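Before anything else, here's the structure in question.
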């Protein structure tokens, strides 16, 4: 089994060469945002998403974090040369356009609207809206079995809006955070929680919820998670190649197992994704 911690000190000198060749001047022409001396990377991640991007002390954990480390390794940048920066959902495009970060790995769905301001490598994963239910629940098997049930999601979120529009028979309970939804699911105040399947798996994999939940496994949307980049970053295709190699050599399978194996999560048949086609 391959470790998802990528420390390769011997490539330190190569890192400088690789980033200098692929990057630009210090004024940001080649996508070296936040890297300073060109020997490292500043990577935007979520700080509050269990299983995907969670900052615990000074060491982030999660699927997106591990994929970022693996890609950096392919670019010749060691884990020790990565600077992590929080990338909240509303700020992601601004962080890239302003060159506050080099790249973003943060459940960042590729959309035409976002591509007007940034470019994407990938997708590196295809997620889908799904349901989280109690581990012993056999009644809820998909969105068409939710009538009369209480479904939780985050107020104003795309998953909540989709359910309200497409499944009017569902009683929708909205909170400010998914964490509150999980707590209410645990106490039996709601029957299910909905958002992207991989995000649900991340919550279910937390130690305090061990054995309590299951992801239904009937996704009813597709979200293409990409690596967000400044439109001038010339490494987009190089990162695509790195992502393809992660699937070919088994690293991505190991990353998925490391982060979601405890809850038996299996990615949808849309994975491995078709990588490429989103560079500027």
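The values are calculated or read from the model by the stated rules, or taken from the named source; none is laboratory data. Just so it is clear, the structure is predicted and the values come from calculations on it, not from any experiment. Every residue, glycine as well, gets a Cβ built from its backbone with ideal geometry; the counts of neighbours run over all protein chains shown.
Among the residues that make up the stretch 138-156, is at least one of them surrounded by fewer than 22 Cβ atoms within 10 Å (Cβ to Cβ), assigned to a helix (DSSP H, G or I) and free of Cβ contacts under 8 Å to residues at least 60 places away in the same chain?
Yes, the conditions are met somewhere in the stretch 138-156.
Here are the criteria: (1) assigned to a loop (DSSP other than H, G, I, E, B); (2) crowded, with 23+ Cβ neighbours inside 10 Å; (3) in contact with a helix residue (DSSP H, G or I) (Cβ under 7 Å, 6 or more places away or on another chain). Tell me which single one residue 227 does not satisfy.
Only one criterion in (1) assigned to a loop (DSSP other than H, G, I, E, B); (2) crowded, with 23+ Cβ neighbours inside 10 Å; (3) in contact with a helix residue (DSSP H, G or I) (Cβ under 7 Å, 6 or more places away or on another chain) is unmet by residue 227, namely (1).
For residues that are more than 20 Å from residue 178 (Cα to Cα) and within 16 Å of the chain's Cα centre (by Cα), scanning just the stretch 103-113, find the one that is surrounded by the fewest Cβ atoms within 10 Å (Cβ to Cβ). Spell out how you get there, then give the answer.
Step one: of the stretch 103-113, the residues more than 20 Å from residue 178 (Cα to Cα) are 103-104, 110-113.
Those still in the list that are within 16 Å of the chain's Cα centre (by Cα) too: 103-104, 110-111.
Numbers: 103: 32, 104: 27, 110: 20, 111: 12.
So, considering only residues that are more than 20 Å from residue 178 (Cα to Cα) and within 16 Å of the chain's Cα centre (by Cα), the one surrounded by the fewest Cβ atoms within 10 Å (Cβ to Cβ) is 111.
Residue check, residue 182 against (1) closer than 30 Å to residue 85 by Cα; (2) in the same structural domain as residue 206 (by TED's automatic domain parsing); (3) crowded, with 19+ Cβ neighbours inside 10 Å; (4) touching a strand residue (DSSP E or B) at 6+ places or on another chain (Cβ under 6 Å), all met but one. Which one?
All conditions are met except number (4).
Considering each residue of the stretch 112-137, count those that are more than 24 Å from residue 279 (Cβ to Cβ) and in a strand (DSSP E or B), and give that number.
Within the stretch 112-137, residues that are more than 24 Å from residue 279 (Cβ to Cβ) and in a strand (DSSP E or B) number 6.
What are the residue pairs meeting all of these: first residue in the stretch 259-271, first residue within 15 Å of residue 247 (Cβ to Cβ), second residue crowded, with 20+ Cβ neighbours inside 10 Å, Cβ atoms under 6 Å, and 6 or more apart or on different chains?
268/219; 270/126; 271/126
Follow-up question, since we're still on this one. Show the residue pairs that are 6+ apart or on different chains and have beta-carbon atoms under 9 Å apart, the first residue being within the stretch 52-63 and on the phi > 0 side of the Ramachandran plot, the second being surrounded by fewer than 10 Cβ atoms within 10 Å (Cβ to Cβ) and modelled with pLDDT under 95.
none
Another one. Just to check your reading of the model, which residue among 128, 169, 156 is at positive phi and either modelled with pLDDT under 95 or touching a helix residue (DSSP H, G or I) at 6+ places or on another chain (Cβ under 6 Å) (or both)? Lay out the reasoning, then the answer.
Details: 128 fails: at positive phi; 169 fails: at positive phi.
It is 156.
Show the residue pairs that are 6+ apart or on different chains and have beta-carbon atoms under 6 Å apart, the first residue being within the stretch 88-109 and under 21 Å from residue 223 (Cα atoms) and in the same structural domain as residue 50 (by TED's automatic domain parsing), the second being loosely packed, with under 15 Cβ neighbours inside 10 Å and at pLDDT 95 or above.
Partner pairs satisfying both residue conditions: 93/117.
Among the residues of the stretch 115-125, write down those that are touching a strand residue (DSSP E or B) at 6+ places or on another chain (Cβ under 9 Å) and either without any contact (Cβ under 8 Å) to a residue 12 or more places away in the chain or buried (at least 22 other Cβ atoms within 10 Å of the Cβ) (or both). Explain how you work it out, then say what you get.
To start, the set of residues in the stretch 115-125 that are touching a strand residue (DSSP E or B) at 6+ places or on another chain (Cβ under 9 Å) comprises 118-125.
Across the stretch 115-125, the qualifying residues are 118, 120, 121, 122, 123, 124, 125.
Of all residues being out of contact with any strand residue (DSSP E or B) (no Cβ under 6 Å at 6 or more places or on another chain) and touching a residue at least 40 places away in the same chain (Cβ under 8 Å) in the stretch 201-213, which is surrounded by the fewest Cβ atoms within 10 Å (Cβ to Cβ)? Just the residue, please.
We begin by selecting, within the stretch 201-213, every residue out of contact with any strand residue (DSSP E or B) (no Cβ under 6 Å at 6 or more places or on another chain); these are 202-203, 205-212.
With touching a residue at least 40 places away in the same chain (Cβ under 8 Å) added as a condition, the list becomes 202-203, 205-206, 210-212.
Working: 202: 26, 203: 23, 205: 21, 206: 17, 210: 12, 211: 10, 212: 16.
Going through the qualifying residues, I end up with 211.
Got a sec? Which of 190, 198 is within 19 Å of residue 50 (Cα to Cα) and either more than 18 Å from the chain's Cα centre (by Cα) or buried (at least 22 other Cβ atoms within 10 Å of the Cβ) (or both)? Before the answer, list the steps.
Values: 190 fails: within 19 Å of residue 50 (Cα to Cα).
Only one candidate qualifies: 198.
Please determine, by comparing only the residues of the stretch 59-87 that are in a loop (DSSP other than H, G, I, E, B) and touching a strand residue (DSSP E or B) at 6+ places or on another chain (Cβ under 7 Å), which one is farthest from residue 245 (Cα to Cα). Show your work before the answer.
Let us first name the residues in the stretch 59-87 that are in a loop (DSSP other than H, G, I, E, B), namely 62, 75-78, 87.
Subsequent filtering for residues that are touching a strand residue (DSSP E or B) at 6+ places or on another chain (Cβ under 7 Å) retains 62, 77, 87.
On the way: 62: 20, 77: 16, 87: 26 Å.
Filtering first and then ranking leaves 87.
A further question follows. Filter the stretch 259-280 down to the residues that are part of a helix (DSSP H, G or I) and buried (at least 19 other Cβ atoms within 10 Å of the Cβ), then identify the one that is modelled with the lowest pLDDT.
We begin by selecting, within the stretch 259-280, every residue part of a helix (DSSP H, G or I); these are 259-263.
From what is left, the residues that are buried (at least 19 other Cβ atoms within 10 Å of the Cβ) are 259-260, 263.
Working: 259: 95, 260: 94, 263: 88.
Among residues in the stretch 259-280 that are part of a helix (DSSP H, G or I) and buried (at least 19 other Cβ atoms within 10 Å of the Cβ), the one modelled with the lowest pLDDT is 263.
Considering the stretch 162-179 alone, what residues qualify as being surrounded by fewer than 22 Cβ atoms within 10 Å (Cβ to Cβ), within 23 Å of the chain's Cα centre (by Cα) and within 23 Å of residue 50 (Cα to Cα)?
174, 175, 176, 177, 179
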